[in-house]
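The values are calculated or read from the model by the stated rules, or taken from the named source; none is laboratory data. Everything numeric here is computed off the predicted structure, so don't read it as measured data. Virtual Cβ from ideal backbone geometry, glycine too; neighbours counted across all protein chains shown.
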Amino acid sequence: MAVTLREVAEKAGVSPSAVSRSFTEGASVSAATRAKVMKAAHALGYHPNALAAGLTTGKTRLVGLVANNFHNPFYLEVFDLFTRGLQAEGLRPLLVNLSDDLDPALSLRMLRQYSVDAAIVASSTLPTSFAAAYRAAGVPVLHCFARASDQPDVDVVGINNAAAGRLAAETFVARGYARAGFLGGPQTATSTQDRRDGFLAAAERLGLETSVAHAANYSFEAGRAAMQDLIARGPAEVYFCGDDVISIGALSALRDAGLRVPEDVGLLGVNDMEMAGWNGIDLTTIRQPIDQIVAASIDQVTAIMRDPGRPPEMRLFGCQIVERATLRPVR
């Protein structure tokens, strides 16, 4: 049987309320009493019930981690960083898989059932209105990988996707490409829209001929199917793909068609997920620093928890080309 709070109180010679205060951050208890309680708890092997403590303090230390694309292995890396980072701060992540339920009211109901102290929406495809609905309902929220804005409705941490698109166009021109394609994710995704718009604007300025296509979603299968369609119609010289997973699907289709990468068709991804560097893939990509993004998101969400009324802030990180083997070298 688990050791109870009352047993610790009896061994320490104090009241049960003194034991409770000793394990409650910021509660009023003398150093001597806390020392006796901790000594007794250690001797008995007692560990406080975090959920019960939440009923007393009104703070569960639960943070909802909400996402809608569990098929993309990039987010496995994101979730690994988030869960370890939150736990290191004494917070408990509650993972919420939206799947196809994109009505914020449904996930809000779940988060309220567990009395979360805050929520992190980790998605580059959901509209900004999704996280804004959380904030309007009184849930402190941060949107990670969201669309850049001069006046964000909620706290945002990520990259400027339009700037990533401009970097792609500039990279292609520097390597002598004349006909480039954009192979994005779903057209409704804000990340797709911003990367496409930034790419096309820079390409027009630089005199780069362009075409546009979209994969059905951010997945290997969708990237492969989209590239098969493009091959049937005659591919461009190079493609800026919506993310690394689409790029890897496109790479598979090109190789199956007997086309060499980068000699016949070049590919550029986004994210720099671990798989992009695997032997046999060696994808040249635009790296967004997810370790810094996740760390900043955790810092920011803890600030929101301390002061839910603070004005929303935006933190954007820069991107850079990670050179591997799917683009021509710079001329």
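Test GLU25 against the criterion of being of a type in the set (Asp, Glu) and at pLDDT below 80, and give yes or no. Against the criterion (of a type in the set (Asp, Glu) and at pLDDT below 80), GLU25 qualifies. Being farther than 21 Å from ARG195 by Cβ and over 30 Å from the mean Cα position of the chain (by Cα), is that true of even one residue in the range 266-281? Scanning the range 266-281 turns up no residue that is farther than 21 Å from ARG195 by Cβ and over 30 Å from the mean Cα position of the chain (by Cα). So for the range 132-151 (the condition being at pLDDT below 90 and among the charged types (D, E, K, R)), does at least one residue qualify? Yes, the conditions are met somewhere in the range 132-151. Number of residues in the range 110-152 that are basic (Lys, Arg) and more than 22 Å from VAL78 (Cβ to Cβ): the value is 1. All of (1) in a helix (DSSP H, G or I); (2) surrounded by 18 or more Cβ atoms within 10 Å (Cβ to Cβ) hold for ASN217 with one exception: (1).
If only residues of the range 243-264 that are of a type outside the set (Asp, Glu) and in contact (Cβ under 8 Å) with a residue 60 or more places away in the chain are counted, the one that is surrounded by the most Cβ atoms within 10 Å (Cβ to Cβ) is ALA250.
When ASP282 is tested against (1) on the phi > 0 side of the Ramachandran plot; (2) in contact with a Ser or Thr (Cβ under 6 Å, 6 or more places away or on another chain), just one condition goes unmet, and that condition is (2). When the range 265-293 is limited to residues that are farther than 16 Å from GLN320 by Cα and of a type in the set (Val, Ile, Thr), the one that is surrounded by the fewest Cβ atoms within 10 Å (Cβ to Cβ) turns out to be ILE281. From the list PRO93, PRO104, the one residue that fits, being in contact with a strand residue (DSSP E or B) (Cβ under 6 Å, 6 or more places away or on another chain), modelled with pLDDT of 90 or more and under 30 Å from ASP194 (Cα atoms), is PRO93.
Matching residues to (1) outside any helix (DSSP H, G or I); (2) more than 25 Å from the chain's Cα centre (by Cα):
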| site | (1), (2) |
| --- | --- |
| TYR177 | yes, yes |
| GLY198 | no, no |
| ARG205 | no, yes |
| THR210 | yes, yes |
| GLU221 | no, no |
| PRO235 | yes, yes |
| ALA250 | no, no |
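Residue-wise test of (1) farther than 30 Å from ALA276 by Cβ; (2) surrounded by fewer than 23 Cβ atoms within 10 Å (Cβ to Cβ).
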residue	(1), (2)
HIS71	no, yes
THR83	no, yes
ASN97	no, yes
LEU108	yes, yes
ILE120	no, no
SER124	no, no
PRO127	no, yes
PHE130	no, yes
ARG135	yes, yes
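Are any of the residues in the range 274-297 in the same structural domain as THR128 (by TED's automatic domain parsing), under 18 Å from ALA132 (Cα atoms) and at pLDDT 95 or above? The answer is yes; a qualifying residue exists.
If the condition is being in contact (Cβ under 8 Å) with a residue 12 or more places away in the chain, part of a helix (DSSP H, G or I) and either more than 20 Å from ASP117 (Cβ to Cβ) or small (Gly, Ala, Ser) (or both), then the range 82-92 contributes only GLY85. Counting only residues that are out of contact with any helix residue (DSSP H, G or I) (no Cβ under 8 Å at 6 or more places or on another chain), within 18 Å of SER149 (Cβ to Cβ) and assigned to a strand (DSSP E or B), the range 287-331 holds 2 of them. Residues in the range 152-169 that are in contact with a strand residue (DSSP E or B) (Cβ under 9 Å, 6 or more places away or on another chain) and either assigned to a helix (DSSP H, G or I) or without any contact (Cβ under 8 Å) to a residue 24 or more places away in the chain (or both): ASN161, ALA163, ALA164, GLY165, LEU167, ALA168, ALA169.
Restricting attention to the range 169-210, the residues that are under 30 Å from ASP100 (Cβ atoms) and either surrounded by 15 or more Cβ atoms within 10 Å (Cβ to Cβ) or outside the structural domain of CYS241 (by TED's automatic domain parsing) (or both) add up to 18. The set of residues in the range 227-244 being closer than 19 Å to ALA169 by Cα and of a type in the set (D, E, K, R) consists of GLU237, ASP243, ASP244.
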